[in-house]
Structures are given as structure tokens and as C-alpha cells.
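Below you will find the structure I want to go over with you.
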Amino acid sequence: MAATIPCHYYASAATTSKFFISNNAHSKRLAYPLSLTNARGFRGFSAARCSYQPPPHYSQLQSKDKGNSFSLKQCAISIALAVGLITGVPALGLPANAHTASPVLPDLAVLISGPPIKDPGALLRYALPIDNKAIREVQKPLEDITDSLKVAGVKALDSVERNVRQASRALKQGKTLIVTGLAESKKEHGIELLNKLEAGMDELELIIQDRNRDAVAPKQKELLNYVGGVEEDMVNGFPYEVPEEYRNMPLLKGRAAVDMKVKIKDNPNLEECVFHIVLDGYNAPVTAGNFVDLVERHFYDGMEIQRADGFVVQTGDPEGPAEGFIDPSTEKTRTIPLEIMVNGEKEPFYGATLEELGLYKAQTKLPFNAFGTMAMARDEFENNSGSSQIFWLLKESELTPSNANILDGRYAVFGYVTENEDFLADLKVGDVIESMQVVSGLDNLVNPSYKIAG
């Protein structure tokens, strides 16, 4: 993975490091599910239509505001979802026999149970299509170091030491099973990473003995990168066939990384920033492939940030009447299906929300848990209308808590910002994307349309 250029950040005694994001409305909007509303200028429902009043910072996560009427049924669903999230009652009054997705590997599910995972790197590691319990038992205590470091001062190091010893023990006991799980073509590389991981854990134990708290988090990140590399070396080819009707679209059969360089306007502290985005084609091959193809066409270069309201950052709406990318070969808007991968399933669901499928309790493989979760926008009532408009989730709220998020299962997540994600909150409408560049994984893109003349 290529190194990410750091943000150019300038501190000033006269200003603070963060800025409030304007609610200045942009003419092109994404549709937030179930007609929840946002700041001024956003379409939604009023008290005359429904007694429930959503928080003022919500809007419709929709590619364009088409003036669709709001029905009593949608109002009732909105209230039911909100009540379900607040009270813990299953949304929409689920019947006892409602279908849910059962995990393929319950023993692995136990390893990742507990509080919601919010770290984008951890979400990507756990989303890999592998079933090797031995490596997960090494990963889990290393991930837990993040929680251990929440304890103030050097007292945290006692918990960190337990985490490291547990991971070291798991590695020694499970190394044979881990090596066995490596894909044959990647085995040599995987073993090399395992050796680095083992040496790195010894180094972390020395850091702990020296009571050097500040050095723990960087070393943890290094070790988890090794773990993630080993886990990727366990994936042998692409694990399933994309449905025939989508097979000729640009598909990302694996992972890729994109650097997005943004020029910041009207902010004396933040001149420009490069955001490192990891795209997950294992769980969203059509959505991620469509995006990589557009990046290679330089579709987003020079485009402005079109929404930044503190809840999401949005872009991708081209100039003119078109709502998405116009394919030169057809002179029509290229659209892609809604694509949702669920824990326990071997391939994504296409064309329907999990609610429509009756999978009310299913957990998505790529959840809206992390700051900087990246997803495809679409028309509110057209599941298969995604094209080029994309958005990044900025924060949780009372209606979008991690692990109980009403965006999950309704919008296709296909990646996460893994470096400089905090600076997404500094973006404003009118800031310019200078460039997007695929820095790794381009060879995983099949059927690239950007190579076709026209």
C-alpha cells in the first residue's frame, strides 16, 4: 500500500483547529432513508403530516430532490424505526419468525462480539472472506489494545501487556494452522509477514516494559497491518460469481486504494489534504468497480464538494442536467444496482434493501460504523439508481448509532477512509477535489470501461 501524503495543517493562535460546517444547501441532494429531514432548504415532512420531528441535521440522502410525496406508511415506518432504535424494541414490530442471516462461523462471531467496531481498519480486516479462527485469535487481543489505551496514564500498560501476551500465545499455538490457511500462491509472503508480526510483538513487549505509552499505538497499528496482510494472503481468488446481469460491468474483484487530494477554501488552517480510501470489492464488487472505473476516467478531478452539513460529505453530481455519469458509449446515465453483503451470506444481495428482503436483524458486512464510511447515493425510491454520487458518513447520532444504524441495509457501503478521516469534518461546500488516484489494486478491476475508446 502506497504511503499517504499527510494533510498540510497550519495552526494559528487566532483560530481553532476545527471549523463548524455550514448548512448552506446545495441544489443536488442525496435521499436520507424514510424521508428524515435536515436543515433549511431540505424536503421532509412537517408536523401536520406526522407528529414525529426528526433532528434538524438530517436530510435526504438522495441524488436529486424529485419532490416525491410523503405517505402515511413512510411516516409510520420512520417512527417505528426511531422508536426501535431508542427503546431497543426491534424496528417495525418484527414477527418472532422473521428471517435473519445466521453466521457461517459462529465461533468467529464470538471473537468479534461486544461493543460496535468503529475503527475502519478493523472493519476491513473482519470483512475479509476468510474462516481461519487461529489468525482471528491473534487479531482480537491486538485490536483490544485500542480499548486498553482508553485508561488514563501508564496504568493502561498493564491491560496492554495482557493483550500482547494473549496475542503472542495465540500466534505460537496457532501458527501452523495460520500457515495452512494461506493461499498457495501467497504463502511465502504470508510467512514473511508472520515472522515480522512475531518480532514486532516482542518489540511491543519491550515498549511496555519501558513504560513508553506513546509508542504503543503506532506499534499496534504496525502489527495489525501485518495481521491484515496475512489475512489477505488467505483469500484465494474471488470467492463467488457476480450475477450474470452485472457480470459485464466494471467489477473490483478484491481490494483497491485511492488517494483523494482536496483543496480547502476559506480555511487558513487547512490548505489541502489527502484522504486515503480503501475500497472493498470482496463485499461490493459492482459498486467499488464502478467507482474505480470513474476514478480512472478522472471523473471526480476538479469536482467540488457539494454537501457538507456535519452529517455527511457528498460529491459526484456532474454539471448539467445529468444526475450521474453519462457513459459515452451509450450516451445514457450508467446506473448500478443496490449491493448489500450480509454476515453469513456468501454473496451480496442485489436490487433490494434488507428491509424489503425481510432481513430486519441481519448485520451488514460493511456497516456504517466508522467515521468516514463511504457509500453510494441513490434516489430514495429507486434502489438501482446509483451512478456517481458518493457520500461519507461523519458522525453517529441518536438515529444512527453504530450497530443499529438505519442506513445499514439501505445504502451500499463500499469502502472506508483509513487515513486523515478526521479532516473530512473540515470540508465545506465548494472545496475542490484536485485529484483522485488509484494507488494500489487497479489490477483487481475487471471490465474497465475507461479503456474503451469513446
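Kindly report the accessible area of the range 225-384 per residue (heavy atoms of protein chains, probe 1.4 Å, no ligands, DNA or RNA), in Å².
Using a 1.4 Å probe on heavy atoms only, each residue of the range 225-384 averages 35 Å².
Right, here's the next one. Spelling out what I want: for every residue of the range 409-421, take phi, set θ = phi - 60°, compute 6.51 cos²θ - 1.76 cosθ + 1.60 (Karplus), and round to whole Hz; glycine and proline get x.
Whole-Hz 3J(HN,Hα) from phi for the range 409-421: x, 10, 10, 8, 7, 9, x, 9, 6, 10, 9, 6, 4.
Next up: Can you compute the FRET efficiency between Ser440 and Lys155 using 1/(1 + (r/R0)^6), with r the Cβ-Cβ distance and R0 = 35 Å? Round to the nearest 0.05.
In this case the efficiency is close to 0.35.
Rounded to whole Å, give me the distance from the Cα center of the range 152-183 to that of the range 116-147.
That distance is 12 Å.
Once you place label points 7 Å from the Cα toward the Cβ at Thr180 and Ala352, how far apart are they in nm?
Output for this residue pair reads 3.9 nm.
Now for a different question. So how far apart, in nm, are the two label points at Leu206 and Arg162 if each is 7 Å from Cα heading toward Cβ?
Taking the simple label geometry, Leu206 and Arg162 are separated by 2.6 nm.
About its Cα centre, what dipole magnitude does the range 299-435 give when the only charges are +1 on Lys and Arg Cβ and -1 on Asp and Glu Cβ, stated in debye to the nearest 20?
So the dipole magnitude of the range 299-435 works out to roughly 440 debye.
I've got another one for you. So how much slack lies between Asp131 and Asn195, counting 0.36 nm per residue of separation and subtracting their Cα-Cα distance, in nm?
In short, 20.9 nm is gained.
Take peptides 284-296, 379-391, 193-205 and line them up by average Cβ neighbours within 10 Å, highest first, as a rough protection proxy.
Packing order, densest peptide first, comes out as 284-296, 379-391, 193-205.
Follow-up question, since we're still on this one. Just by accessible area at a 1.4 angstrom probe, what is the order of Arg165, Arg211, Arg307 from largest to smallest?
Arg165, Arg211, Arg307
The values are calculated or read from the model by the stated rules, or taken from the named source; none is laboratory data. Treat the numbers as computed from the prediction; the structure is a model and nothing was measured. Cβ: placed from backbone, ideal geometry, glycine included. Neighbour counts: every protein chain shown. Heads up: the accessible areas ignore ligands, DNA and RNA and are worked out on the full protein's heavy atoms, side chains in. Shrake-Rupley method; radii C 1.70, N 1.55, O 1.52, S 1.80 Å.
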